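Everything below concerns the one structure shown next.
The values are calculated or read from the model by the stated rules, or taken from the named source; none is laboratory data. These numbers come from a predicted model, not from an experiment. Cβ placement follows ideal geometry from the backbone for every residue including glycine, while neighbour counts extend to all protein chains displayed. These accessible areas exclude ligands, DNA and RNA; they are computed on the full protein's heavy atoms, side chains included. Shrake-Rupley method; radii C 1.70, N 1.55, O 1.52, S 1.80 Å.
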Amino acid sequence: IDGKVYDLTEFADRHPGGPSVIMSWAGKEASEVYNHIHKGVNINSYLRPEALVGDLGIDEDLMSESFWHSLRRSRIDELKEELHRLRGGDADAHPSRRATLTKVSVASLLKQKGLGESLRAQLQSLETQKRAALDVEDFGQAQQIKSALECLLAEADLHFPQRVENSSGGIPLSEVSRHNKPHDCWVALNGVVYDLTDFLLHHPEQRKPVLAWAGRVPEARMGEVGPEPQVDPKVDEIHQLEEELRRLEGPSEEDIQAASAARAGTTKHGASQLSEEVRFPRLKEIAAGKQLPLFTRAEVAKHKGPPGGPPGTEPYMILHNKVYDLSLLLQSHPGGDDVLLSRAGTDATKDFELFEHSEKSRVRRDQELLVGQLIPAEHTDWAAESGGQGVDARGERAAAELRQYLRSKATDAVLACIFLYAKWSYQNRKPLSRLTYSRALRHLHFLMAVGIFGSLGSAQAASRTEGLAKKRWLTIHKQTGVAMLIALVVRLFFRMRSGIPPRFPGHPIMKAIETQSLRAFYVLMLVLPVSGMANEYYLKWATGDDEKQNEARAKQAMKVHTKVGRFFQLVWLPFHLGYTTAYHYSMGRGVVKKVSPFI
């Protein structure tokens, strides 16, 4: 991330989005997705200092894939021969004997080839259950599963590494460092080791700071920190060689077969069996036995917010035929409140499934936000409809590629327009008569016309989009408005120094209306940006204790901005372009020549 390499093994269990999100980006460059979600927040604020591995290097000497695999196979053969020699020729020893050489975990036991199939299946099942319990922060259940694992390993003559005490009676830091999970958390403070596991169970609000920074409130003293125990160099060397061999060999045949079976099962059973509850079994347990209220889609459609509004208007959303109250999720959703409120009162299942939501986040959603379900007559079989998701996904990727292509071409078009504008301005640089508009005023007139249409266009685009796209269009709208305010001041300066051409002939009343419309232009171009800036000021920068008053002023400023903008767009602009410009041009009068800078 951002040119740094991090070891997220410890952080995966306490990631708010669940470990599956971390694992989906393991071993990859994740800077873009991280910065997109976390908006520039430094990742070091989430991690322990030792999580930083180092700077991302550059492969200077790239080799072919076939040559790399030949080197890998040669190294695997060397490692096997070396391990055979160190073990005294007993390369096919029972896993229990290897466990005495290295302090193994369940994950490493599952990778050993000599492990019995029944024992492997039981270990895998318990390990999966423990991971599911940790995903939903059920630490008590995780502790019970761990005890069951220890009993199973004890019966099979395989043991978890227990606390190691040397002759001095202390606990080495190498042993403390292994207990860094929510269900097994040890901390060393001022030379004393504490077990904070029970503390985390009873104080979940302190879970993140304790796990991230080794805690601050000791609960159960376990003993003094002692020196590191003596380690047999042979055992340590065997452990390092086994780890390197495991990385080079990759997944075992059993792992490959299990993954292939899972993929085949998905294809075989089809989308009709891939409902949310089938993919995430924990969701069934949450809804089991509950009598949820029934809603119709018309009733949910009335719940569009805003938050804090009168009863009966709370922002509701339909996901997988269930109804959720979004009030508790506002101000904390990673995608922002606009994304949620824009879908309030609607069925957002398709949009929800476009983004990766872990089982942990779905379980929290059902625990905290679920308020009812749709009546059976209005249920939608989303699992059956997901059969076309592959085509939809391809279509979305093609649309995204097209947008990226158009965006790059739009940049080229803007650069070409700037070049042409500079070229024509250079070719038409001679001074003009004192009886007509100066060339500087003509350039400002042209640039302000471009800015006005850009501001109106960005406002219209923002009203038709949501989320990040809407924010980008609003940012363009605000920046264009500020630029138009500055251009208005400069235009007034050159207007006072420029000559004024004679008016076109016409009816006296229409000539008076034209004069007033030109004066109104300056008023409108002043009120629009000032009212928008006032809204931003009262929302973000205004100081004082009366927040409600600031909020009311911000709403009033936005109300003025909206009404004046509509008047400018629907009344002034059509009159100015429709009558003043189109009418005089149809009468053969040189309207364009009168204001164009390219003459």
| Across every pair of different alpha-carbon atoms, what Kirkwood hydrodynamic radius in Å does region 512-566 reach? | 12.2
| note | Taking only protein heavy atoms and a 1.4 Å probe, the highest-to-lowest accessible-area order of MET496, MET587 is MET496, MET587
| request: Please calculate the 1.4 Å probe accessible area of TYR437, with all protein chains present, and give it to the nearest 10 Å². | output: 50
| note | Scalar couplings 3J(HN,Hα) for region 451-465 by Karplus 6.51 cos²θ - 1.76 cosθ + 1.60 (θ = phi - 60°), nearest whole Hz, x for Gly and Pro, are x, 5, 5, x, 5, 5, x, 5, 5, 5, 5, 5, 6, 10, 10
| What do you get when you divide the Cα radius of gyration of region 453-510 by 2.2 N^0.38 Å, with N the number of residues? | 1.73
| query | If the chain between LEU539 and LEU52 were fully stretched, how many nm would it gain, using 0.36 nm times the residue separation less the Cα-Cα distance? | reply | 171.5 nm
| task | Once you have the Cα-Cα distance between LEU485 and THR465, take 0.36 nm times their residue separation minus that, and quote the gain in nm to one decimal. | result | 4.6 nm
| note | Output for region 397-537 (equivalent-ellipsoid semi-axes, sqrt of 5λ from the C-alpha gyration tensor, Å, descending) is 33, 22, 14
| query | Accessible surface of VAL592 in the full protein assembly, 1.4 angstrom probe, to the nearest 10 Å²? | reply | 90
| said: Kirkwood hydrodynamic radius, computed over distinct alpha-carbon pairs, for region 484-599: how many Å, to one decimal? | reply: 16.9
| task | For LYS4, enumerate residues with amide H under 5 Å from its amide H, sequence gap 5+ or separate chain, H modeled in the peptide plane. | result | LEU56
| task | Please give the per residue volume of the convex hull enclosing the alpha carbon atoms of region 455-549, rounded to a whole number of Å³. | result | 166
| remark: Taking alpha-carbon centroids only, region 401-435 lies from region 278-299 a number of Å equal to 58
| note | For the pair GLU155 and VAL235, the simple spin-label estimate (label points 7 Å beyond Cα toward Cβ) gives in nm 2.8
| field | All lysines inside 24 Å of LYS594 as judged from Cα atoms, apart from same-chain residues fewer than 8 positions distant | value | LYS423, LYS430, LYS511
